[in-house]
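What follows is calculated from the coordinates using simple rules that are stated; it is not laboratory data. Remember, it's a predicted structure, so these values are computed and weren't measured experimentally. Here the Cβ is made from the backbone with ideal geometry for all residues, glycine too, and neighbour counts use every protein chain on show.
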Amino acid sequence: MTDTVDAVAADRALKARHRAMWGLGDYPSVARDLIPELGRVLVAATGVRRGDRVLDVAAGTGNAAVPAALTGAEVVASDLTPELFAAGREAAALAGTELTWEEADAEALPYPDASFDVVLSCVGVMFAPHHQRAADELVRVCRPGGRIGLVSWTPEGFVGEMFRTMKPYAPPPPPGAQPPPLWGDEEHVRGLLGDRVTDVVARRQSVTVSGYASPEAWRDSWKQVYGPTIATYRNVGDDPERVAALDRDLAALAARYDRGSGTTVLEWEYLLLTARRA
Ligand SMILES: C[S@@+](CC[C@H](N)C(=O)[O-])C[C@H]1O[C@@H](n2cnc3c(N)ncnc32)[C@H](O)[C@@H]1O
């Protein structure tokens, strides 16, 4: 009994830390300026249409939820970090659409079984620390015959490598937490969803990220806007040598991926996976 109470309290504390982390910096600018294409790709791949009841899990500012609502679907955008919803509401109003915003942990969704026709997550559910719990929730709230669609950064792509680069500088992950980019591994996701889904289609694609004068300019911007990177810098903040080493490692990573001539152009690989609920 005490163990259960302790486990619940530890999970609450972990989620509170994650919520605070995603509220750091300026995630809305990342979704708006760097990766808006991903939400549209996911909505198209899952064939969202007028009349569908759609859940976007770990929706952030509605990168997938807003284009889903623009089809005429009835959309709920849920996220652990409700601080992101104000920017999402603005984006939806600007696009001329409406949807519902609800605070929710992807590992304990507050919705009945089979309550959505389509369940989406765009580089979102991958950040819930317990993969099987989160996958079970995606499956549970999707009706039989409904669609599940996921976009996840791959372990071998730029963002997967960025997390590996930051790991030695970041606080140790809590026991039982799994690395987010594993959701970009097709076999891992097939294992999580199991025989509760059919018609799995997975392909690797990439989104082009540009507009930086140099790899260092990307790094300097990224350490201002992206919560996990800001948290990593904070973890080594009182050690100037470690900060300088992290600076060097992130710039070197961007330099290695840079395909631009004159400015920095990066390809960020992701796995687009769709499936049907059995
Ligand atoms: C990289 S952002 C992606 C947001 C959005 N889907 C997009 O495409 O821009 C990751 C999101 O996952 C959310 N998140 C992290 N852990 C979560 C959890 N356990 N439950 C629900 N959302 C979570 C964060 O709050 C954040 O909004």
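For the reader, a short list of remarks on this structure follows.
- Residue count, region 223-263 (criterion: within 15 Å of VAL159 (Cα to Cα) and in contact with a strand residue (DSSP E or B) (Cβ under 9 Å, 6 or more places away or on another chain)): 4
- Index of the failed condition, ILE148 passing every other in (1) within 10 Å of the ligand (Cβ to nearest atom); (2) more than 25 Å from TYR257 (Cβ to Cβ): (1)
- Flag if THR81 is surrounded by fewer than 24 Cβ atoms within 10 Å (Cβ to Cβ), touching a helix residue (DSSP H, G or I) at 6+ places or on another chain (Cβ under 7 Å) and more than 18 Å from VAL225 (Cβ to Cβ): no
- The C-beta contact set for region 182-210 (first residue in a helix (DSSP H, G or I), second residue surrounded by 14 or more Cβ atoms within 10 Å (Cβ to Cβ) and aromatic (Phe, Trp, Tyr), distance under 8 angstrom, 6+ apart or interchain) comprises TRP183/TRP153; GLY184/TRP153; GLY184/TYR270; VAL189/TRP183.
- Subset of region 37-53 [surrounded by fewer than 18 Cβ atoms within 10 Å (Cβ to Cβ) and within 11 Å of the ligand (Cβ to nearest atom)]: GLU37, ARG40
- Any hit, region 54-72, residues being in contact with a strand residue (DSSP E or B) (Cβ under 8 Å, 6 or more places away or on another chain) and surrounded by fewer than 23 Cβ atoms within 10 Å (Cβ to Cβ): no
- As a summary of the residue check, ARG89 satisfies the conditions (1) touching a helix residue (DSSP H, G or I) at 6+ places or on another chain (Cβ under 8 Å); (2) more than 23 Å from LEU272 (Cβ to Cβ); (3) away from the ligand (no atom under 13 Å from the Cβ) except for the one numbered (1).
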